[in-house]
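Have a look at the structure below, then the notes.
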Number of protein chains: 2
Amino acid sequence: MLRSCTAALRTLRALRGRREGAFPAARDPVLARRWFSTEKVIPKDHALPNPSWSKDLRLLFDQFMKKCEDGSWERLPSYKNSKLVKEQLSQAQLFTRGYEDGLGFEYVIFYNDDEKRTVCLFQGGPYLQGVPGFLHGGAIATMIDATVGMCAAIPGGIVMTANLNINFKRPIPLCSVVVINSQLDKIEGRKLFLSCNVRSADEKILYSEATGLFIKLDPEKSLI
Amino acid sequence: MLRSCTAALRTLRALRGRREGAFPAARDPVLARRWFSTEKVIPKDHALPNPSWSKDLRLLFDQFMKKCEDGSWERLPSYKNSKLVKEQLSQAQLFTRGYEDGLGFEYVIFYNDDEKRTVCLFQGGPYLQGVPGFLHGGAIATMIDATVGMCAAIPGGIVMTANLNINFKRPIPLCSVVVINSQLDKIEGRKLFLSCNVRSADEKILYSEATGLFIKLDPEKSLI
């Protein structure tokens with residue numbers, strides 16, 4: 001476990017490292033294949049539009065892609081599989097990418113390095129239901145963790161969620177589009193403090209607010 | 001939306017009501033069919049062992065089923081679908097029951113009415129991965145929300161998660177079995193305060209601790 005975890009963490013650190021250019025695997029299919037895929041094909045980047053995306057989600061995506069043109073924002077790629085797991089976990093796949101298009105988590109995360117912010121555009125599909133007609137609180141927590149975690153990992157390297165404190169203000173209708181805004185508030189030693197809010201696509205409704213505490217890990221040490 | 005939500009909430013309240021006997025749908029297949037299924041067959045109760053359950057999970061399940069014999073504990077049934085959704089959401093299903101056996105959330109929740117406690121036996125499958133080899137923090141948050149939420153809903157009626165504050169102490173290996181213990185600490189007006197911890201099957205490792213605040217809702221009012 002120690003070795004495989006360390007190797008995985010090294011790879012994650014390399015992926016998230018900014019010095020050699022952000023997210024090189026997003027731009028280099030060969031590198032992407034070496035890092036992520038268990039098959040000898042170019043892995044699918046799931047942070048791109050598919051036919052299940054609503055008009056709202058596509059509009060927001062286009063707006064953010066425009067912001068990427070001057071280099072201030074960057075779209076982060078997202079893959080389902082990692083081959084860096086033990087053999088008995090060969091079925092393992094990223095929790096947020098385990099559904100067919102449109103049924104589960106449809107999302108894309110953008111990052112702004114100068115502002116240390118991430119923005120996640122998220123459409124929660126019908127398989128994420130809690131109370132009938134609304135997203136499960138756990139699905140919201142999952143996307144908050146993913147968005148805040150990415151905002152911590154890019155400047156922080158290998159990090160682990162230590163605390164998530166979420167205020168659920170209003171339930172989110174199933175299949176609607178929300179925008180999750182996260183920012184790095186401060187760093188104290190190995191601790192990274194972040195905050196986050198979840199709003200409707202038109203930003204008029206505040207659905208949730210959250211804070212996150214992440215700890216920088218030593219990639220040479222085992223997680224367990 | 002108002003009507004369908006209100007109807008759904010009424011049904012949930014009826015399901016969770018204790019006065020006419022706890023969880024009558026668990027014992028009455030006809031009633032269960034009327035409440036949960038979109039098909040004219042008896043709905044599947046997913047809170048029962050299937051071949052994907054590990055030896056640890058089956059052992060714990062058997063222990064808790066024994067505790068149920070004197071009536072102090074009760075196993076809570078769990079269904080995937082509700083027909084109480086709008087037509088366009090006909091694909092909707094409970095987030096935690098959307099996977100094939102063994103791939104996602106395998107769990108059963110037991111309730112102790114005297115102690116106002118729930119215990120969830122949870123085996124997180126390979127589709128719930130975060131960092132390679134470990135459960136995604138969102139998957140843990142999801143099961144904490146489900147366990148604490150059930151502990152609030154049985155005495156509280158219709159409730160909504162207002163706050164979840166989770167301390168992640170150690171990562172949980174994928175496919176391992178954990179025990180989530182939740183208890184109702186106090187009620188103040190419409191507020192229910194709960195706490196929770198997540199431990200390994202042998203209880204030796206503390207993985208997470210959490211608190212939850214839930215608000216009793218008026219089922220006559222719309223959620224949005």
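Data for the structure
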{"read-out": "Residue within region A:166-174 that is assigned to a strand (DSSP E or B), open to solvent by less than 40 Å² (accessible area, probe 1.4 Å) and closer than 13 Å to A:D145 by Cα present", "value": "yes"}
{"read-out": "Residues of region A:87-139 satisfying the condition of being hydroxyl-bearing (S, T, Y), assigned to a helix (DSSP H, G or I) and farther than 25 Å from A:T211 by Cβ", "value": "A:Y127"}
{"read-out": "Qualifying positions in region B:141-154 - among the polar types (S, T, N, Q) and facing chain A (nearest Cβ under 9 Å)", "value": "B:T142"}
{"read-out": "Hits in region A:134-153 (condition: farther than 17 Å from B:F134 by Cβ, open to solvent by 10 Å² or more (accessible area, probe 1.4 Å) and not hydrophobic (A, V, I, L, M, F, W, C))", "value": "A:H136, A:G137"}
{"read-out": "Residue check, A:Y107 within 14 Å of another protein chain (Cβ to nearest Cβ), over 23 Å from A:Q183 (Cα atoms) and modelled with pLDDT of 85 or more", "value": "no"}
{"read-out": "Checking A:G98 against (1) in contact (Cβ under 8 Å) with a residue 24 or more places away in the chain; (2) among the small types (G, A, S); (3) over 15 Å from A:V178 (Cβ atoms); (4) open to solvent by less than 20 Å² (accessible area, probe 1.4 Å), the condition it does not meet", "value": "(1)"}
{"read-out": "Residue within region A:182-203 that is facing another protein chain (nearest Cβ under 10 Å), open to solvent by 40 Å² or more (accessible area, probe 1.4 Å), in contact with a strand residue (DSSP E or B) (Cβ under 8 Å, 6 or more places away or on another chain) and of a type in the set (S, T, N, Q) present", "value": "no"}
{"read-out": "Condition broken by B:K216, with the remaining ones in (1) at pLDDT 95 or above; (2) away from chain A (no Cβ under 12 Å) satisfied", "value": "(1)"}
{"read-out": "Any hit, region A:66-78, residues being polar (S, T, N, Q), part of a loop (DSSP other than H, G, I, E, B), at pLDDT 50 or above and surrounded by 19 or more Cβ atoms within 10 Å (Cβ to Cβ)", "value": "yes"}
{"read-out": "Which numbered condition A:Q123 fails, given (1) within 13 Å of another protein chain (Cβ to nearest Cβ); (2) over 22 Å from B:N165 (Cα atoms); (3) modelled with pLDDT of 90 or more; (4) open to solvent by 10 Å² or more (accessible area, probe 1.4 Å)", "value": "(1)"}
{"read-out": "Exclusive hit being facing chain B (nearest Cβ under 7 Å), of a type outside the set (K, R) and at positive phi, set A:G138, A:G157, A:G102, A:G133", "value": "A:G133"}
{"read-out": "B:G156 being surrounded by fewer than 24 Cβ atoms within 10 Å (Cβ to Cβ) and either small (G, A, S) or under 22 Å from B:K55 (Cβ atoms) (or both)", "value": "yes"}
{"read-out": "Residue match in region B:64-81 (condition: in contact with a Leu (Cβ under 8 Å, 6 or more places away or on another chain) and of a type in the set (A, V, I, L, M))", "value": "no"}
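The values are calculated or read from the model by the stated rules, or taken from the named source; none is laboratory data. Since the model is a prediction, treat every value here as computed from it, not as a measurement. Cβ sites come from the backbone with ideal geometry, for glycine too, and all protein chains shown count toward neighbours. Heads up: the accessible areas ignore ligands, DNA and RNA and are worked out on the full protein's heavy atoms, side chains in. Shrake-Rupley method; radii C 1.70, N 1.55, O 1.52, S 1.80 Å.
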